[in-house]
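The values are calculated or read from the model by the stated rules, or taken from the named source; none is laboratory data. Treat the numbers as computed from the prediction; the structure is a model and nothing was measured. Quick reminder, even Gly has a Cβ in these numbers, built from the backbone with ideal geometry, and neighbours come from all protein chains shown. Ligands, DNA and RNA are stripped out before the accessible areas are found, and what is left, the full protein with its side chains, is counted by its heavy atoms. Shrake-Rupley method; radii C 1.70, N 1.55, O 1.52, S 1.80 Å.
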Amino acid sequence: MMRRRSTLLTTCTALALALGATACGGGPVSAGGGDKPLSGQSLTVAGVWSGSEQKNFQKVLDAFTEKTGATTQFVSTGDNVSTVVGSKIEGGNAPDVVMVPQVGVLQQFAEQGWLKPLSKTTERSVDAGYAKVWKEYGSVDGTLYGLYFKAAHKSTVWYSPDALNQAGVKPPATYDEMLKAGHTVSDSGLAAFSVAGQDGWTLTDWFENIYLSQAGPEKYDALAAHSVKWTDASVVRALTTLGKLVKDKRLLAGGQKGALNTDFPGSVEKVFGPEPVAGMVYEGDFVAGVAKDQFGKTIGRDANFFPFPAVDGGEAPVVSGGDAAVMLKDGKNQKAATRFLEYLATPEAAAVWAGAGGFLSPNKKLDLASYGDDVTRATAKSLVGAGDSVRFDMSDQAPAAFGGTKGTGEWKLLQDFLRDPSDPAATAAGLEAAAAKAYRG
């Protein structure tokens with residue numbers, strides 16, 4: 001989500017290394033000294049993050065090291081976290097903690113007996129600091145296995161204020177107004193949207209926002225649970241609405257081919273990089289972290305967002321995602337893993353990344369002053385204030401084979417739709433076939 005995915009999902013070269021070997025982006029970090037409670041112990045954490053997200057999460061690991069003395073090591077798994085972690089467990093080289101970007105993967109891990117329930121201390125922190133919905137998404141059959149450390153507000157369209165001002169357009173309130181504004185931006189010399197079609201998860205996010213607004217929350221929940229088939233008329237309608245955007249060469253930077261060759265970081269660069277070619281990019285709040293860290297943009301001045309607009313008279317959507325920390329039973333250091341999860345549940349841990357940017361915490365005890373700019377502060381307030389009404393990223397709730405695996409399932413089928421959006425009903429039929437197979441499995 002997350003996906004995240006809620007995330008920069010570039011696979012790093014250290015993926016080929018064993019989880020116990022050198023970490024992605026550097027070696028182990030240790031505070032040293034024998035006066036810390038975990039001195040001499042090591043902790044391996046695996047997750048999808050790379051780039052600026054990995055760099056900022058490393059600050060959290062370093063803070064834990066300073067607090068406890070434990071040696072910490074992070075390994076980036078790339079997109080296919082379930083496949084990579086599963087192979088490491090089978091090989092007897094399991095990490096201690098995994099940052100899981102999909103609800104469906106968390107459920108899969110729990111059902112396969114890979115997870116250790118979180119401690120009572122962690123659970124008390126979740127009960128005190130989180131809306132109930134976050135505990136529900138982290139639980140399987142009433143047992144809490146996952147702590148949502150990082151959340152995403154995935155109903156944000158980011159734009160260059162200069163580009164919109166030059167075109168003389170204001171942030172739109174409806175989807176049709178957004179497409180109309182996009183044409184005006186295009187007429188002014190920039191493409192309207194940069195779309196990261198090379199990463200299939202971004203396309204699921206486009207679909208989900210349209211679907212939630214157009215079909216409504218009850219239908220959204222039913223489709224997420226696969227109690228409504230993907231061949232339902234509501235799905236075809238949402239795909240048709242998405243098709244209005246992706247088939248319009250005036251709206252897409254580089255057209256459909258250009259979008260399919262653009263990954264998520266590249267999509268942000270096309271709007272906020274040194275040579276912008278588009279005025280807007282849709283994705284979650286984590287766009288701000290990339291714009292700030294990689295391209296030196298001041299959030300609120302050089303980069304801003306408007307809420308994903310309402311579709312066909314529906315309510316404006318609020319879709320979220322998140323990365324949940326889980327403990328593996330086969331990890332070599334249960335004590336350090338338990339302490340780390342207890343630490344992640346505190347506002348102290350969240351504040352470390354909040355100050356760095358590109359991060360939202362679902363922990364309502366985190367002081368909003370911890371965020372580094374007013375735009376992120378407002379986004380965090382909106383997410384926490386939404387409480388239990390937030391709808392979690394639909395593809396992240398699905399089995400990984402359908403909603404969370406590169407080159408297959410929903411990711412691949414929506415990439416095919418981007419390539420040729422002429423037959424939404426056929427795409428819906430393909431999605432249903434893939435979903436039926438994955439949910440049966």
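For the reader, a short list of remarks on this structure follows.
- Meets criteria (hydrophobic (A, V, I, L, M, F, W, C), over 24 Å from Pro307 (Cβ atoms) and modelled with pLDDT of 95 or more) for Val246: no
- Scanning segment 382-414 for residues that are more than 30 Å from Asp367 (Cβ to Cβ) and either open to solvent by less than 30 Å² (accessible area, probe 1.4 Å) or part of a strand (DSSP E or B) (or both) yields Met394, Ser395, Ala398, Ala400, Phe402, Gly403, Gly404, Thr405, Gly409, Glu410, Trp411, Leu414.
- The residue pairs whose first member lies in segment 307-327 and is over 14 Å from Glu177 (Cβ atoms) and at pLDDT 95 or above, whose second member is open to solvent by 20 Å² or more (accessible area, probe 1.4 Å) and in a loop (DSSP other than H, G, I, E, B), and whose beta carbons are closer than 7 Å, counting only pairs six or more residues apart or on different chains, are Val326/Tyr145.
- Gly266 meets the conditions (1) under 24 Å from Ala167 (Cα atoms); (2) open to solvent by less than 40 Å² (accessible area, probe 1.4 Å); (3) touching a strand residue (DSSP E or B) at 6+ places or on another chain (Cβ under 8 Å) in every case but one. The failed one is (3).
- Residues that are among the hydrophobic types (A, V, I, L, M, F, W, C), open to solvent by 40 Å² or more (accessible area, probe 1.4 Å) and farther than 26 Å from Ser42 by Cα within segment 318-373 comprise Val318, Leu368, Ala369, listed in sequence order.
- Odd one out for Ser139 among (1) over 23 Å from Leu418 (Cβ atoms); (2) open to solvent by 10 Å² or more (accessible area, probe 1.4 Å); (3) more than 20 Å from the chain's Cα centre (by Cα): (3)
- Among residues of segment 269-278, those that are under 21 Å from Ala181 (Cα atoms), within 22 Å of the chain's Cα centre (by Cα) and open to solvent by less than 10 Å² (accessible area, probe 1.4 Å), counted: 2
- Among the residues making up segment 424-434, those that are within 25 Å of Phe308 (Cα to Cα) and open to solvent by 10 Å² or more (accessible area, probe 1.4 Å) are Pro424, Ala425, Thr427.
- Enumerated helices (runs of 4 or more DSSP H) restricted to segment 130-198, each holding at least 2 residues that are modelled with pLDDT under 95 and either out of contact with any Asp or Glu (no Cβ under 8 Å at 6 or more places or on another chain) or β-branched (Val, Ile, Thr) (or both): 132-137
- Meets criteria (outside any loop (DSSP other than H, G, I, E, B) and buried (at least 22 other Cβ atoms within 10 Å of the Cβ)) for Trp49: no
- Some residue of segment 101-110 being surrounded by fewer than 21 Cβ atoms within 10 Å (Cβ to Cβ) and either modelled with pLDDT of 95 or more or in contact with a Leu (Cβ under 9 Å, 6 or more places away or on another chain) (or both): yes
- Residue within segment 74-83 that is at pLDDT 95 or above, touching a helix residue (DSSP H, G or I) at 6+ places or on another chain (Cβ under 9 Å) and crowded, with 20+ Cβ neighbours inside 10 Å present: yes
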